[in-house]
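Presented below is the structure to which this report refers.
The values are calculated or read from the model by the stated rules, or taken from the named source; none is laboratory data. Predicted model only: the values in this text are computed from it and were never measured. Cβ placement follows ideal geometry from the backbone for every residue including glycine, while neighbour counts extend to all protein chains displayed. Surface accessibility is based on the protein's heavy atoms, side chains included, excluding ligands, DNA and RNA. Shrake-Rupley method; radii C 1.70, N 1.55, O 1.52, S 1.80 Å.
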Amino acid sequence: MDTRIGSTERRDFIAFAESGISPKGVAALHGRAEMLSRLPLGLQRRIIANARAEEYMGFVVEPYCTFLAYEILDEDAAARLLPPGYRLTPTAMFAGEEPRHCAIIGAFNVHAPVFWGVRVELYLIAEDIRTGMLTWIICDYESNTVNYDPAQGFSTPTTSRAVMTTSHAAEVIIDVRSRRGSNDLVATAGLRTGAMTPLDQRLWVDGNLSVDYGGRLMHEDSVAFGLVFDPDEMAEALRIPLDSVSVERNTFGAGVLAEAPCSAACFPYAQHFLTTTTPRSSPIRDREALVDAVRSSAARQP
């Protein structure tokens with residue numbers, strides 16, 4: 001089977017992913033989500049479970065999203081953040097890098113039908129003991145837009161400052177600070193010294209077919225969900241030398257992670273995803289099935 005998406009299919013898939021996103025719709029849902037956040041959690045979960053909506057929604061991660069990998073120093077503490085049925089597993093962001101137990105902090109601008117803004121997320125990389133799937137475990141986040149996770153339900157913006165941008169000096173500038181807790185990330189990454197480098201495909205392709213919640217976000221009823229995307233969007237990224245990365249302050253994973261990152265990646269183009277409107281288990285387990293799902297979605301574009 002040909003597992004490369006053709007140019008017409010790629011454009012149609014991107015158009016399909018983007019087509020349901022509008023500022024007007026996000027604005028209307030923002031106010032509704034703030035109202036829902038005041039309801040008891042059990043009622044919020046029932047509303048989500050019974051919501052009538054399209055099966056999939058698109059979301060777009062805008063150019064220059066940046067990921068910093070940190071080696072885990074306290075593996076026992078990190079393991080306690082995992083939901084049942086997972087174990088930490090060594091991984092690497094780029095092909096050929098030494099695999100190690102690590103956490104990854106991702107900073108990005110994102111727009112979707114239900115939110116539009118800046119997010120910083122902390123992930124642990126683990127293996128699902130039941131399926132063998134590499135899985136990104138979202139353990140914490142900060143965001144300047146509305147949010148939903150299984151443990152906390154809907155929540156209003158969590159940040160006092162949320163800057164994720166670039167400069168004319170070819171820098172990514174991140175300055176995200178929590179107004180509720182201790183999570184801060186203040187960093188700058190220089191892009192001129194970066195080079196496009198092949199990514200580890202198990203992490204970036206297989207791992208995005210299995211995403212779950214851990215830490216303060218986990219809930220016993222949540223299930224791993226998968227994303228639909230063109231796998232070639234995960235073929236390579238800018239590998240930024242660590243001497244071009246300045247982390248002024250990072251408190252995500254404090255006490256568990258190394259003080260400085262061990263690898264840095266930046267995607268200089270937008271990435272387009274589909275996800276189910278309510279988190280549910282995905283039947284997609286490999287690249288071939290992923291490409292089939294992309295082609296099927298592209299065919300739905302008028």
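Solvent-accessible surface of the chain, taken per residue with a 1.4 Å probe and all protein chains present: 45 Å². Given 25 °C and 0.890 mPa s, how large is the Stokes-Einstein diffusion coefficient of region 177-225 in µm²/s, with Rh as the Kirkwood radius over Cα pairs? It comes out at roughly 166 µm²/s. Out of every Cα-Cα pair in region 207-247, what percent are more than 10 Å apart? Beyond 10 Å sits 79 percent of the P(r) for region 207-247. Going by a ≥ b ≥ c, the root eigenvalues of the Cα gyration tensor, does region 95-222 fall in the rounded group (a/c under 1.5), the prolate group (a/b larger than b/c) or the oblate group? It comes out oblate by the Cα gyration axes. I'd like the distance between the alpha-carbon centres of region 98-159 and region 223-244, rounded to an integer number of Å. Value for the Cα centre distance between the two parts: 14 Å.
Run the accessible area of the chain with a 1.4 Å probe and give the carbon-and-sulfur part as a rounded percent. With neighbouring chains kept in place, the figure for the chain is 51 percent.
Would you work out if region 178-302 is rounded, prolate or oblate? Take a ≥ b ≥ c from the square roots of the eigenvalues of the alpha-carbon gyration tensor; rounded if a/c is under 1.5, else prolate when a/b is larger than b/c, oblate otherwise. Verdict is oblate for region 178-302.
A cut-off of 5 Å between modelled amide H atoms, ignoring neighbours fewer than 5 places along the same chain, links Leu257 with Leu73. Taking every DSSP helix (H) stretch of at least 4 residues in the chain, weighting each as -39,500 (n - 2.57) and dividing the sum by the residue count yields a mean residue ellipticity at 222 nm of -5500 deg cm²/dmol. Between Val26, Ile104, Met133, the Cα set farthest toward the positive side of the dipole of the chain (charges on each charged residue's Cβ, about the Cα centre) is that of Val26. Over the chain, the Kirkwood radius and the radius of gyration, each from Cα atoms, give a ratio Rg/Rh of 0.93.
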